[in-house]
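Contents: one structure, followed by commentary.
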Amino acid sequence: MSRVDGREKVTGAAKYSAEYKLHGLVYGILVGSTIAKGHIKSIDTHSALKAPGVLSVITHQNSPKIPGYQVSKDPAKPEPTKGPVKVFYNDKVIYYGQPIALVIADTFERALYAASLVKAHYTVEQHVTSLKEHIKNAFVPHGDDPDVRGTANVWRSAPVKVEAQYVLPNEVHNPMELHGTIAHWGQADKITVWTKTQGVKDTQSNIAKIFKLPVQNVQVNSKFVGGAFGSGLQVWPHEVAAIIGAKVVGRPVKLVLGRADMFTSVGYRPLTWQKIGIGASADGKLVGIHHQAIGQTSAYEDFAEGPTGVSQSLYACPNVYINNKIVSLNIGSPTWMRGPGEATGILALESALDELSYKLKLDPVALRIHNHADKDPGSGKPYSGKNLKEAYKLGADAIGWNNRRQKPRSVIKDGWLVGYGMAGGVFGAYRDTATIKATMLANGTLMLKSAVSDIGPGTGTAMVSIASGVMGIPPNKIRFDLGDSSFPNAPQQGGSATVSTVGSAVYQACTDLKQKFQQLTGRAGDKHDYVKALKQHNLSQLEVTADSKAGNETKQFAMYSWSVHFVSVLVHPTTGVVKVDKAVCVADSGRIVSPKTARSQMVGGAVMGIGMALSEEAVIDHRYGKTINNNLADYHVPVNADIPQIEAIFVNIPDKNVNPIGAKGMGEIALIGMAPAVANAVYNATGKRIRQLPITPDKLV
Ligand code: MOS
């Protein structure tokens, strides 16, 4: 089954948030601060206001008071020191690029020009933006205390051990679709927004909170999302600014970020330093793991990925110590990015396992099988379903693992060093609560409604596929409507849980609807002529609304999805250029509901992992606290020429302990482990262990 919205997407008929044409629409452009810390002394908006077509320039000096920003007069309730940045709230600057003004004009070009005329003068304070220089200020974020299983330091006295430090740089989501919002105030304090978000319900309630409106007064639409990878999980300053702007000018305002703003104001994966120590017995059984991570956060929010959790869950190991810390810097807040935490932590864990395999003279796959966890090492619970050994075998066969030579730098082909590497990934398999309204129309069309977003994986396609299976009608008779906050409840699309959560609700609603038809016709069984039944009973439609949530299984079982990535690389010995030659990515994520979109998800994760391994790094110039490669020419996401043949393989064994469909998430595991697989292949090719990503040619020559 192909994507239900594939035709709309490739013909341009699919409408993204910034593409709605509203009567009287005007355009907003944000002006960002050009210092990283200090105060705005004065802000000159005169020339901007005089520029052609300009309707308004909003700054902290003239912004309407935002009800949710106001602090209690009660001295017993002081203003919290941490929290999301307040837009146009006061003269304080806490990161470079922080929005300090919004220019609104009748055309995009006029707004852009006028924005260039806004000039701010600052009282500059000394900023801190370097994690390396300020790592001594690291602290344990609230609720993320160090955790120890067994004895923390026993790994040190193990017969075989490795210890090393790893650095993962700032990485930016960089979805193709820029973040953008159209805000439109209607009658009686009602607001409608079209915005790029991973959850219309969350955006709705957050906007309601900021503007102190009843939730039902806020309508959020997000029908198509051109990628988000975590950057759409919260309400960002530009969304609040668009809403403020629309209020001020009394017209709908469209505000689309430029690519440069995508590097400052909508989050990123934080630069993280890690140190890992692993000890093993002489025959390769893990004795202990000691894993520390220090990531960066902003001065206003304590964002922590918690990268080291993977060391607790991936392998059977009696002694595991983990510790996550963060450092506050004058930068925009980081946020969740695909495989948040795990994708970072796995770099250290799976690189260390690889290193250990060379010390032990064991095949890396054999070492992992040797330390396979048969039950969850943390909780001792049985797994809801785990077929990781099958995944190892499928991947090893497909890449031709037996062509690998254990001795690094031992294979040369046409002047290129050849290497093979592998690494695994793990991510929790979640199921949240959701509601679906299912309506069978007289013409035999089944309508399903859910507030859920589709940020690209093909949610509608998976849902239609599930409904088609339960109802016994073809996919082209089913419509799945999403991305509207007035629709039945669904959580954000995040944490790889949509098929599990919303899919289970679709399953439930369709099961209930079928039962309703059975009661109507008095006929049991799977085959139903819905059109005939409605006609005979003189009904224009039949409708059910069903809720669905996880049961007690979460208490009984440990639930995860697993992946294994196998990679072969070619490294040029003179130039240090790395070409990924082939990648095989295997997922053990329960039943595959929609094979085509699942494959696309795995391939997308592998591409992102290749970028993570070889090219992606957002660089801050610490003199100014500014990200300097803030465009797609200098920040290198992989392009077609960087991507080899990628094979996606699914173990495809249902896990019905997680949900009735038996499907588990795969959005995150598609990425988790891919970067260390590439790094491990580079080591096998060259004998060089690159511990600071990305592995650019200069690090190899
Ligand atoms: Mo994901 S980082 O839960 O969008």
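The values are calculated or read from the model by the stated rules, or taken from the named source; none is laboratory data. These numbers were taken from a predicted model, which means no experiment stands behind them. Reconstructed Cβ throughout: ideal geometry from the backbone, glycine too, with neighbour counts over all protein chains shown.
Observations
- Residues of the stretch 666-687 classified as over 13 Å from the mean Cα position of the chain (by Cα) and either closer than 21 Å to A228 by Cβ or free of Cβ contacts under 8 Å to residues at least 24 places away in the same chain (or both), total: 2
- Taking the conditions (1) exposed (fewer than 15 other Cβ atoms within 10 Å of the Cβ); (2) away from the ligand (no atom under 16 Å from the Cβ); (3) closer than 23 Å to D261 by Cβ in turn, P169 satisfies each one other than (1).
- Some residue of the stretch 677-688 being buried (at least 23 other Cβ atoms within 10 Å of the Cβ), away from the ligand (no atom under 16 Å from the Cβ) and under 30 Å from V593 (Cβ atoms): yes
- The stretch 318-352, residues that are part of a helix (DSSP H, G or I), polar (S, T, N, Q) and within 14 Å of the ligand (Cβ to nearest atom): T344
- Test result for S486, away from the ligand (no atom under 16 Å from the Cβ), outside any helix (DSSP H, G or I), among the hydroxyl-bearing types (S, T, Y) and more than 20 Å from Q234 (Cβ to Cβ): yes
- Among the residues of the stretch 143-151, some residue qualifies, meaning at least one is out of contact with any Asp or Glu (no Cβ under 9 Å at 6 or more places or on another chain) and either within 30 Å of L30 (Cβ to Cβ) or of a type in the set (G, A, S) (or both).
- Positions within the stretch 501-516 being buried (at least 24 other Cβ atoms within 10 Å of the Cβ) and either within 13 Å of the ligand (Cβ to nearest atom) or of a type in the set (K, R) (or both), in sequence order: T501
- Look at (1) within 28 Å of P334 (Cα to Cα); (2) over 31 Å from the mean Cα position of the chain (by Cα); (3) surrounded by fewer than 19 Cβ atoms within 10 Å (Cβ to Cβ) and you find that N62 fails only one, number (1).
- Residue check, A164 more than 14 Å from the ligand (Cβ to nearest atom) and part of a loop (DSSP other than H, G, I, E, B): no
- Qualifying position, being surrounded by fewer than 20 Cβ atoms within 10 Å (Cβ to Cβ) and modelled with pLDDT of 95 or more, among I628, I661: I628
- Residue within the stretch 618-641 that is among the acidic types (D, E) and touching a residue at least 60 places away in the same chain (Cβ under 8 Å) present: no
- Matching residues in the stretch 286-321 - criterion: being under 27 Å from K389 (Cβ atoms) and among the β-branched types (V, I, T): V287, I289, T308, V310, V320
- Breaking point among (1) of a type outside the set (A, V, I, L, M); (2) within 16 Å of the ligand (Cβ to nearest atom); (3) in contact with a strand residue (DSSP E or B) (Cβ under 8 Å, 6 or more places away or on another chain), for S313: (2)
- Neighbours by Cβ (under 7 Å, 6+ apart or cross-chain): first from the stretch 20-40, more than 18 Å from L255 (Cβ to Cβ); second surrounded by fewer than 18 Cβ atoms within 10 Å (Cβ to Cβ) and hydroxyl-bearing (S, T, Y): A36/Y624; G38/T123; H39/T123
- Flag if G295 is within 16 Å of the ligand (Cβ to nearest atom), surrounded by fewer than 20 Cβ atoms within 10 Å (Cβ to Cβ) and either touching a residue at least 40 places away in the same chain (Cβ under 8 Å) or in a strand (DSSP E or B) (or both): no
- Test set (1) more than 30 Å from I466 (Cβ to Cβ); (2) in a helix (DSSP H, G or I); (3) not β-branched (V, I, T) - A606 fails condition number: (1)
- Selection count, the stretch 517-545, where residues are of a type outside the set (D, E, K, R), surrounded by 12 or more Cβ atoms within 10 Å (Cβ to Cβ) and closer than 15 Å to L446 by Cα: 11
- Of all residues making up the stretch 237-284, the number that are more than 16 Å from the ligand (Cβ to nearest atom), of a type outside the set (F, W, Y) and either within 30 Å of E163 (Cα to Cα) or part of a helix (DSSP H, G or I) (or both): 28
- Test for H537: is it more than 13 Å from V470 (Cβ to Cβ) and not hydrophobic (A, V, I, L, M, F, W, C): yes
- Only one of the numbered conditions (1) part of a loop (DSSP other than H, G, I, E, B); (2) away from the ligand (no atom under 16 Å from the Cβ); (3) crowded, with 17+ Cβ neighbours inside 10 Å; (4) not basic (K, R) is violated by M666, and that is (2).
- Search result, residues across the stretch 382-441 that are at positive phi and either in contact with a Gly (Cβ under 6 Å, 6 or more places away or on another chain) or not in a loop (DSSP other than H, G, I, E, B) (or both): R409
- When residues of the stretch 204-236 are limited to those that are more than 16 Å from the ligand (Cβ to nearest atom) and surrounded by 24 or more Cβ atoms within 10 Å (Cβ to Cβ), the one nearest to Y300 (Cα to Cα): I207
- Looking at L671, L632, just one residue is within 16 Å of the ligand (Cβ to nearest atom), outside any strand (DSSP E or B) and in contact with a helix residue (DSSP H, G or I) (Cβ under 9 Å, 6 or more places away or on another chain), and that residue is L671.
- Whichever residue in the stretch 172-189 is in a loop (DSSP other than H, G, I, E, B) and touching a Leu at 6+ places or on another chain (Cβ under 8 Å) and, among such residues, is surrounded by the fewest Cβ atoms within 10 Å (Cβ to Cβ): D189
- Residues of the stretch 80-124 classified as in a loop (DSSP other than H, G, I, E, B), under 24 Å from V266 (Cα atoms) and among the acidic types (D, E), total: 1
- Taking the listed residues V31, V54, V26, V93, the one that is under 30 Å from V128 (Cα atoms), touching a helix residue (DSSP H, G or I) at 6+ places or on another chain (Cβ under 9 Å) and of a type in the set (V, I, T) is V31, with no other qualifying.
- Failed item, numbered, when P146 is tested on (1) surrounded by fewer than 17 Cβ atoms within 10 Å (Cβ to Cβ); (2) at pLDDT 95 or above: (2)
- Scanning the stretch 449-483 for residues that are more than 13 Å from the ligand (Cβ to nearest atom), in a loop (DSSP other than H, G, I, E, B) and not aliphatic (A, V, I, L, M), we see that the one that is nearest to I191 (Cα to Cα) is G483.
- The residue of the stretch 1-27 that is surrounded by the most Cβ atoms within 10 Å (Cβ to Cβ), among those that are farther than 20 Å from D481 by Cβ and among the β-branched types (V, I, T), is V26.
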